[in-house]
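A.B. asks: Pasting a structure here, questions to come.
The values are calculated or read from the model by the stated rules, or taken from the named source; none is laboratory data. A quick note: this is a predicted structure, and the numbers were derived from the prediction, not measured. Cβ placement follows ideal geometry from the backbone for every residue including glycine, while neighbour counts extend to all protein chains displayed. Accessible surface areas use protein heavy atoms only, side chains included; no ligands, DNA or RNA. Shrake-Rupley method; radii C 1.70, N 1.55, O 1.52, S 1.80 Å.
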Amino acid sequence: MNLSRILLRQLENLLILAFAVMIAMVFGNVVLRYLFNSGITMSDEASRMIFVWLTFGGAFLVALEGGHLGMTTVVQALGLRGRWLARLLAEALSLFCMGLLVWGCWQQSSLNMANLSPVMGVPTAIFYVAGLACGLGIGLINLVTLVRLLTGRLPPGELVIGAESEEMAAFEAQSRERPRP
């Protein structure tokens, strides 16, 4: 097993652990409030911070697997050249958006480094650092894919990526199961 797979597995495990901690804090706080008329003061703030990091971490992992929703039905209907152009456009636009995300999160992180959260007293820049990390990660994925695409090292089978909507996937599964007359 190579280092990148080990690191990705560790990231997945960290996100699972963070999700479990968030659920435990929220559930525990609800139980404490309704049964004992008390609560954990930092629970709401910590859960919100964990949720932001989970969202951006999950977005990075799904991007790494090519699992974001896409218009795969439309792209598959194109020829090889059309698929290549669609992938080029998608990667370039995604890279542009990640550049905007990184730039905005960098600015907000800088502005909010001295702004402390009211209960925990940590810099509120922690929210924006999550977006910064995600934008850098997905941007790197876009750059690598663009280089592979432009140098001809991206196989034709990888030109169409993205997950279909659940409705389309269910429709395709049904059409495969039905016998043709």
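A.B. asks: Per residue and in cubic angstrom, what volume does the convex hull of the Cα atoms of region 39-158 have?
C.D. replies: On the way: hull volume 12.1 nm³, N = 120.
About 101 Å³ per residue, rounded to a whole number.
A.B. asks: Among Met120, Ala46, Gly58, which residue has its Cα positioned farthest towards the positive end of the charge dipole of the chain, with +1 placed on the Cβ of Lys and Arg, -1 on the Cβ of Asp and Glu, and the dipole taken about the Cα centre?
C.D. replies: Gly58
A.B. asks: Now for a different question. Per residue, how much accessible surface does region 1-137 expose to a 1.4 Å probe? Answer in Å², no decimals. Intermediate values should be presented prior to the final figure.
C.D. replies: Numbers: 8970 Å² over 137 residues.
I get 66 Å² per residue for this part.
A.B. asks: About its Cα centre, how strong a charge dipole does the chain have in debye, to the nearest 20, once Lys and Arg get +1 and Asp and Glu get -1 at the Cβ? Show your work: numbers first, answer last.
C.D. replies: On the way: 12 positive and 11 negative charges, 92 e Å.
My answer is approximately 440 debye.
A.B. asks: Related question: Using 1/(1 + (r/R0)^6) with R0 = 25 angstrom and r between the beta carbons of Arg9 and Leu140, what's the FRET efficiency to the nearest 0.05? Present the calculation step by step, with values, prior to reporting the outcome.
C.D. replies: On the way: r = 19 Å, r/R0 = 0.75.
E(calc), rounded to 0.05, equals 0.85.
A.B. asks: If amide H atoms are built 1.01 Å from N in the plane of the peptide, which residues on other chains or at least 5 residues away come under 5 Å of the amide H of Ala163?
C.D. replies: Long-range HN contacts for Ala163: His68, Leu69, Gly70.
A.B. asks: Over region 79-162, what relative contact order in percent results from Cα pairs under 8 Å that are six or more residues apart? Please report the intermediate quantities before stating the final value.
C.D. replies: Working: 72 pairs, mean separation 31.7, N = 84.
Relative CO of region 79-162 lands at 38 percent.
A.B. asks: Remind me, relative contact order of the chain in percent, using alpha carbon pairs under 8 angstrom and six or more residues apart? Kindly include the intermediate steps, with their values, before the conclusion.
C.D. replies: On the way: 155 pairs, mean separation 47.1, N = 181.
26 percent.
A.B. asks: For the chain, which DSSP H helices look membrane-span-like by this rule: Cα extent along the axis of 30 Å or more and mean Kyte-Doolittle of at least 1.0? Before the final figure, lay out the partial values.
C.D. replies: Numbers: long enough: 3-36 (47 Å, 1.53); 43-65 (32 Å, 0.91); 80-112 (47 Å, 0.60); 125-150 (37 Å, 1.99).
Length and hydropathy pass: 3-36, 125-150.
A.B. asks: As a test of reading the structure, rank Trp106, Trp84 by solvent-accessible area (1.4 Å probe, protein chains only), most first.
C.D. replies: Working: Trp106 145, Trp84 70 Å².
The residues order as Trp106, Trp84, largest area first.
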